[in-house]
Amino acid sequence: MPWQMVYTEFYFEEDHLPDMTPEKLREAILDYSRRRRRFGGKDKVRHFQFKPEVVAISMMFDNSYRHLKKISALIKKSNKKTVVVVGGIAATSSCATILKEQKNVDGVCFYEGEIPLLNLVNSEKMLDFLENDISWVTRKSLREGRLPQKSLIKNLDEVVNIDYSFVDVSNYAMREAFSPFADKIKQRKQFFLITSRGCPFNCVFCTHSGDKDKSMRYASVEAVIKHVKFLVSKYGMNVLTIYDDQILLNKERAKEIFRRLAKFNLKIEVPSGLSVAFMDEELIGLMRKAGMDTVFLAIESGSPYVLNEIIHKPLKIGMVKPVVQNLRKHGFWIQGFFVSGLPGERDEHRDETVKFIKEVGLDWSSFSLAAPLRGSDLFKICAENNYIQKGIKIGEFDFNKFIINTAEYSADYVVKKTYLMNLDVNFVNNYRMKNKEYKIAADAFRNVAARYPNHAFAYYYLSKALKVLKKEKESHKAMSKYKEILKNDVSWREYAEYFNLIYNKQ
């Protein structure tokens, strides 16, 4: 769903959607083109052409940087007077580098961009404005040693009521949740919502860890529910995806939101992960009644040492099991998020995590390899200790590859160890299989096979589940696929041998 595009329209246009019809849009463009300060023409002349005065480029992650030079050069080639600015968390963390290396970039936005960009667009002389505004970093501000400041929207009610009539919403849908319940709704009419901003915590791998501002901002419950009501009545929304980082932090507010969402009969997803520390039985019940059937718990590690001394996450590991038991009682599919490969984490800590997952009884565990994002404390630790390539430049990260090498463990070793953890808890010792809930287990394994068609263990355990369900033909087909993959892939044969599966018969 093009949330960012319609959000931008909402924030920068006075005539908001849905009042903005195609005819009004065309007239707005023509009106814009007649402004003297924009194109220098006479008021009655219509310049219906695309020569933007400013182009803003979003750069959320390092790997976007490799495209910046070409894109900014093409913009300037088209019209050298066009002001080119860059924003996003990766840009904020690398202002000086971007301005040094990218001659076609005029300024970098410091943190959130709505207010700085709106002020820039409304200024009479954009380049002069860039040089003097507190939220823009330029070559001049760097030379003068001026420190940028954030310009934040304080009242999030102003930016909640996004409308989508500018686009054909039927063209957009996402399958966010990995869950056997994910396909309950066949025709998803999915929309997105962010009801809060900020995070008070200091997890080492997060880009927010380098930010001293730990404040939170919230949209009011009334504004949230009003927008949900509009999306349901206008578009028939049946899936609401909430992308807050900390939706549960204000527990009473969260309870009221979920309490009032229940009447809309929606499927609710919160894929960013929920904090166990704020979940009590009342909240869990309200979440279920609101339409949630899958939860993602941001646990990160089953080792208290890793949580407290390495990640700096304020989670007491003993909190998790009671929460999981309450979630289980309400019929949730329970998935945990874990991070592996942090400097200082040892094999005994990873083994502790595997043991913890089995004891707590998670339905599924998602393992991420630690990524030293620029701006995070993890990046500083890795750079200072040469755990990553010395002098690695912005844009040289390959986020599909684990790059942290320590004296104790190579990157290749950690990758393999982490994948063995995944196979162990999600397949070999799958919670639903252990508890003889074979239908749900089979649905989960089908989900994996659909996403990863050459996943041998998905087919092996799908076959096992189907056999118990007396679906012999399907079971045989899945086992045949498993054997075919093993025949052609040495890596899967090694994994099968490791878990003593290769010689097992159906």
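Rule-based calculations on the coordinates, nothing more; no lab input. Computed from a prediction, not measured in an experiment: that's the story for all the values here. All Cβ positions, glycine included, derive from the backbone under ideal geometry; neighbour counts span all protein chains shown.
I'd like the Kirkwood hydrodynamic radius of segment 287-432, using the inverse of the mean 1/r over distinct C-alpha pairs, in Å. Each step should come with its number before you reach the end.
Values: mean 1/r = 0.0612 Å⁻¹.
Every distinct Cα pair counted, the radius reaches 16.3 Å.
Using just the helices of the chain, give the 222 nm mean residue ellipticity in deg cm²/dmol: DSSP H runs with n ≥ 4 each add -39,500 (n - 2.57), and the total is spread over all residues, rounded to 500. Don't skip to the answer; put the middle values down first.
Numbers: 21 runs with 211 residues, N = 506.
It comes out at -12500 deg cm²/dmol, rounded to the nearest 500.
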Determine the gain in length on full extension of the stretch Asn250-Phe278; use 0.36 nm per residue of separation and subtract their C-alpha separation, reporting nm with one decimal. 9.2 nm
Would you tally the net charge around Met216, using a Cβ to Cβ cut-off of less than 11 Å, leaving Met216 out, and scoring K and R as +1, D and E as -1? +1
For the chain, evaluate the Debye formula with one uniform point scatterer on each Cα (no solvent term) and list log10 I(q)/I(0) at q = 0.06, 0.10, 0.12 Å⁻¹, rounded to two decimals. -0.34, -0.94, -1.28
Given a cut-off of under 8 Å on Cα pairs at least six residues apart, what relative contact order in percent is computed for segment 327-472? 21
Note the angle between two axes, namely the Cα long axis of helix 221-235 and the longest principal axis of the Cα atoms of the chain, as a number of degrees from 0 to 90, rounded to the nearest 10. 90
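Full extension from Lys380 to Glu348: what is 0.36 nm times the residue separation minus their Cα-Cα distance, to one decimal in nm?
Values: separation 32, 0.36 × 32 = 11.52 nm, distance 2.49 nm.
Stretched out fully, the Lys380 to Glu348 stretch lengthens by 9.0 nm.
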Approximate spin-label separation Lys100-Ile392, in nm, with each point projected 7 Å along Cα-to-Cβ: 1.8
Out of segment 220-249, which chymotrypsin sites (Phe, Trp or Tyr not before Pro) are coil in DSSP terms and have no more than 16 other C-beta atoms within 10 Å? Tyr243
Name the residues of segment 437-451 whose amide N is less than 13 Å from a point 7 angstrom out from the Cα of Lys186 along the C-beta direction? none
Estimated FRET transfer efficiency when R0 is 22 angstrom, pair Val415-Gln325 (beta carbons, to 0.05): 0.10
Of the listed pairs Lys189/Lys467; Lys316/Lys390; Lys184/Lys434; Lys313/Lys355, those with alpha carbons more than 27 Å apart are Lys189/Lys467; Lys316/Lys390
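Given a Förster distance of 25 angstrom, what is the FRET efficiency for Phe399 paired with Lys70, based on the Cβ-Cβ distance and rounded to 0.05? Don't jump to the answer; show the numbers that get you there.
On the way: r = 20 Å, r/R0 = 0.79.
That gives a FRET efficiency of 0.80.
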Just the ratio, please: alpha-carbon radius of gyration of segment 156-429 over 2.2 N^0.38 Å, N its number of residues. 1.06
How far, in degrees from 0 to 90, does helix 281-290 lean away from the longest principal axis of the Cα atoms of the chain, to the nearest 10? 70
Show me 337-344, 115-122 ranked by packing, highest mean number of other Cβ atoms within 10 Å first. 337-344, 115-122
Run the reach check for Lys393 against lysines, Cα to Cα strictly under 27 Å, same-chain hits fewer than 8 apart removed. What comes back? Lys69, Lys70, Lys76, Lys77, Lys100, Lys103, Lys140, Lys150, Lys212, Lys380, Lys401, Lys416
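Taking 41 Å as R0, compute the FRET efficiency from the Cβ-Cβ separation of Asn79 and Ala450 and round it to 0.05. Mind showing how you got there, number by number?
Values: r = 46 Å, r/R0 = 1.12.
E(calc), rounded to 0.05, equals 0.35.
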Can you give the relative contact order of segment 435-506 as a percent, counting alpha carbon pairs under 8 Å and 6+ residues apart? 26
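Using the Cβ atoms and a cut-off under 11 Å, what net charge is assigned to the surroundings of Arg346, where Lys and Arg are +1 and Asp and Glu are -1? Intermediate values should be presented prior to the final figure.
Details: positive: Arg350, Lys417; negative: Glu345, Asp347, Glu348, Asp351, Glu352, Glu408.
Net of charged neighbours comes to -4.
Among 153-160, 101-108, how do they line up by average Cβ neighbours within 10 Å per residue, starting with the highest? Before the final figure, lay out the partial values.
Details: 153-160: 14.6, 101-108: 20.8.
Packing order, densest peptide first, comes out as 101-108, 153-160.
Applying a 10 Å radius around every beta-carbon, put 408-420, 190-202 in order of their mean neighbour count, most first. Working shown, then result.
Details: 408-420: 15.5, 190-202: 19.2.
Result, highest mean first: 190-202, 408-420.
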In whole Å, what are the Cα extents of segment 435-506 along the three principal axes, biggest one first? 30, 25, 23
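What percentage of all Cα-Cα pairs in segment 196-327 are separated by more than 17 Å? Kindly include the intermediate steps, with their values, before the conclusion.
Values: 5322 of 8646 pairs.
Cα-Cα pairs in segment 196-327 separated by more than 17 Å: 62 percent.
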At 7 Å along Cα-to-Cβ for each site, give me the label-to-label distance between Ser220 and Val167 in nm. 2.9
Under a point spin-label approximation (7 Å from Cα along Cα-to-Cβ), what is the Asn265-Val159 distance to one decimal in nm? 3.4
